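J.: Right, I'll just put the structure down here and ask away after.
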Protein chains: 2
Amino acid sequence: MAKNLVFGHQNPDTDAIGAAIAFSELQQQKGQDTEAVALGEAGEETQYALDYFNLKAPRVITKATEETSNVMLVDHNEFQQSVEDIAQTNILSVVDHHRVANFETADPLYYRAEPVGCTSTIILKLYKEANVTPTKAVAGIMLSAIISDTLLFKSPTCTQEDIDAAKELAEIAGVDVNTYGLEMLKAGTNLGNKSADDLLDMDAKSFPMGDKNVRIAQVNTVDLQEVFQRQDELEEAMAKANSQNSYDLFVLLVTNILDSDSELLVIGEPTQMVEDAFNVTLNNHRAFLSGVVSRKKQVVPPLTESFQ
Amino acid sequence: MAKNLVFGHQNPDTDAIGAAIAFSELQQQKGQDTEAVALGEAGEETQYALDYFNLKAPRVITKATEETSNVMLVDHNEFQQSVEDIAQTNILSVVDHHRVANFETADPLYYRAEPVGCTSTIILKLYKEANVTPTKAVAGIMLSAIISDTLLFKSPTCTQEDIDAAKELAEIAGVDVNTYGLEMLKAGTNLGNKSADDLLDMDAKSFPMGDKNVRIAQVNTVDLQEVFQRQDELEEAMAKANSQNSYDLFVLLVTNILDSDSELLVIGEPTQMVEDAFNVTLNNHRAFLSGVVSRKKQVVPPLTESFQ
């Protein structure tokens, strides 16, 4: 029988890849034939974590059914974020921390979602329920996923459970959370070698809002000025992306992971909605948002509301 | 703040009501303000179990938002099986053992589904994870739910986990599983005093399949012939239900709980899909399905597939 493929979402972040590795490892401990794969190449932050813990980046796939009919999803459930042939697969299980939408199965399955900051926090629970301790390397990549998703516990999506899980995993992985965490996050902020298009595409999602199509991209940095030195180039790429993909509005959230603040760059219309949502005035297409680091919790909800 | 309502599916069976009672009780033990309610009156089997363990039947509701915005679903997730205003509620959690379909939330939630025979089996796990022991009465209604959903462990949906959970709950409830179980199941097969409409409504669910709306009802009996003596009356009621509720196809699964077989009665179109799904020829709108007792595992999946 073909093995079960385990994978996170497209444009994988550290949780999408780390949770796949950790969940696959747990299934193998329980006697299942599984393989962790990824729906895209690991980014620099994730690669730093993989290298640090001597793990290989998972093989990249875009379809599943050529290899197997049985899949296990982590860190996502919406079909448009999954393999292109997801509707033709048999989904055995989902472990996730997002809303449920555009998801359907023909058969009963194992579905475990909890409203915590990171999928890997839930997966640590599953290890405990199965009386299995993650190896040092697996604990390390799970810890990396929690640090990544919660921006070292500073994101409002972070819960006490995430913090507790990270402490426990750091112990097994043998690293200091803050020292390691900051180094790992910084590895993902190496933006200088990326084109403006790459930068806009690193972590971007589209959202229908009112009758508009809004694109919201996020990049992490340790120096806002370094990113905004390239403002002209970014604006040009955003305008091009708008016209090529029928986005009405492109919002780039540039997040300073050291100060836990963000600055917006906004191209397209209606900009009024952005000003209303955050009670700011755009100046040279920009606005500073003090204390804002989470697209999911601090950007999408107020923006959605201002479009209504 | 208004309390959180906990409920199972429309046309509640013993698990829909038992799981709601058990999950609500657990939430209360954890300090939450919850109330178990039901989306319909308890049937005779459920009433037998409630009476046996001195429990009150939950209050019946059809809408939630007049009372609260926060709801917790057990034993279902598909919106068409829930309160009519489910899309306007804030779904805090789901505990279920069915496929996921026609379900969507705006926010992350707690979702726990496992492919076991009964929701109450999962809820016993949740009690253990919270270090709470169910009371004698709650253990009794959870045991009843497992017996009901697994037809006293004879359904192919039954897993070792269901059997183990039932043993453990029987111990707490202080009953002999087989003696109590058979009495409880028989209490639900008293069909003679029911109208054809009542009978079709006892345990019925709607399923969108392809572009058709399929209604699948199930009744348990100890004598198939007793039910089919009323075939004309049933067919008339099924045709009426189809036209009144825009069902394309009405499938009645009459299950002999002693022999673990079923006979289908089918009204509406396309009947070809039914014949294809089970590799049978309908004769006088009927077909015998040897060894079939589970709508979820033996009827919905092949029928869904034949509509694709």
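The values are calculated or read from the model by the stated rules, or taken from the named source; none is laboratory data. Only a predicted model underlies this, so the values are computations on that prediction, with no experimental measurement involved. In this analysis, Cβ positions are derived from the backbone assuming ideal geometry, glycine residues included, and neighbour counts consider all displayed protein chains. Surface areas here come from the heavy atoms of the whole protein model, side chains and all, with no ligands, DNA or RNA. Shrake-Rupley method; radii C 1.70, N 1.55, O 1.52, S 1.80 Å.
J.: To the nearest 10 degrees, how steeply does helix A:177-187 sit against the main Cα axis of chain A, on a 0 to 90 scale?
T.: Taking the Cα atoms of chain A, the angle to A:177-187 is about 60 degrees.
J.: Let me ask another. Can you pull the one-decimal nm distance between simple spin-label points at B:Asp211 and A:Asp261, each 7 Å off the Cα toward Cβ?
T.: With each label point 7 Å from Cα toward Cβ, the separation is 5.6 nm.
J.: If you don't mind, another one. Given a cut-off of under 8 Å on Cα pairs at least six residues apart, what relative contact order in percent is computed for region A:71-117?
T.: 41
J.: Let me check I've understood the local charge: for B:Thr121, count other residues with C-beta under 9 angstrom from its C-beta, Lys and Arg +1, Asp and Glu -1. What total comes out?
T.: Around B:Thr121, the surrounding residues sum to -4.
J.: Can you grab the distance from the C-alpha centre of region A:176-229 to the C-alpha centre of region A:284-308, Å, no decimals?
T.: Between the Cα centres of region A:176-229 and region A:284-308 lies a distance of 15 Å.
J.: A further question on this structure: Roughly how many Å² of B:His285 are accessible to a 1.4 Å probe, to the nearest 10?
T.: B:His285 exposes around 80 Å² with every protein chain in place.
J.: With the Cα gyration tensor of region B:1-130 giving a ≥ b ≥ c as the square roots of its eigenvalues, does the rule (a/c under 1.5 for rounded; else a/b larger than b/c for prolate; else oblate) give rounded, prolate or oblate?
T.: Here region B:1-130 falls in the rounded category.
J.: Determine the calculated [θ] at 222 nm for chain A from helices alone, applying -39500 (n - 2.57) to every DSSP H run no shorter than 4 residues and normalising by the residue count; nearest 500 deg cm²/dmol.
T.: -11500 deg cm²/dmol
J.: Between A:Ser155, A:Ser290, A:Ser24, where does the largest GNM mean-square fluctuation fall for chain A, given springs only between Cα atoms within less than 10 Å?
T.: Top of the fluctuation ranking is A:Ser290.
J.: May I ask for the angle, rounded to the nearest 10°, between helix B:14-29 and the longest principal axis of chain B, with both axes built from Cα atoms and the value confined to 0 to 90°?
T.: Helix B:14-29 sits roughly 10 degrees off the main axis of chain B.
J.: Does region A:257-308 classify as rounded, prolate or oblate by the C-alpha gyration tensor (a ≥ b ≥ c root eigenvalues; a/c under 1.5 gives rounded; else a/b over b/c gives prolate, otherwise oblate)?
T.: Cα axes put region A:257-308 in the oblate bin.
J.: Looking only at B:Ala101, B:Ala49, B:Ala57, which one moves most when chain B is put into a Gaussian network model with springs between Cα atoms under 10 Å?
T.: It is B:Ala101.
J.: Moving on. Output, in nm with one decimal and in ascending order, the distances from the B:Ala130 label point to the matching label points of the other copies (7 Å from Cα along Cα-to-Cβ).
T.: Going from nearest to farthest copy, the values are 2.6 nm.
J.: Taking all protein chains in place and a 1.4 Å probe, what share, in percent, of the accessible surface of the protein assembly as shown do carbon and sulfur account for?
T.: For the protein assembly as shown, the apolar C and S fraction of the accessible surface comes to 44 percent.
J.: Please work out the Cα center distance from region B:1-68 to region B:251-283, rounded to the nearest Å.
T.: 32
J.: Something else about it: What nm distance separates the two modelled labels at B:Lys128 and A:Asn54, each placed 7 Å from Cα along Cα→Cβ?
T.: Output for this residue pair reads 3.6 nm.
J.: Okay, next question. Would you work out if chain A is rounded, prolate or oblate? Take a ≥ b ≥ c from the square roots of the eigenvalues of the alpha-carbon gyration tensor; rounded if a/c is under 1.5, else prolate when a/b is larger than b/c, oblate otherwise.
T.: prolate
J.: Under a GNM of chain A (C-alpha, springs under 10 Å), which listed residue has the highest mean-square fluctuation: A:Val74, A:Val100, A:Val116?
T.: So, out of A:Val74, A:Val100, A:Val116, the one fluctuating most is A:Val100.
J.: Under a point spin-label approximation (7 Å from Cα along Cα-to-Cβ), what is the B:Phe228-B:Ile163 distance to one decimal in nm?
T.: If labels sit at B:Phe228 and B:Ile163, their model points lie 3.2 nm apart.
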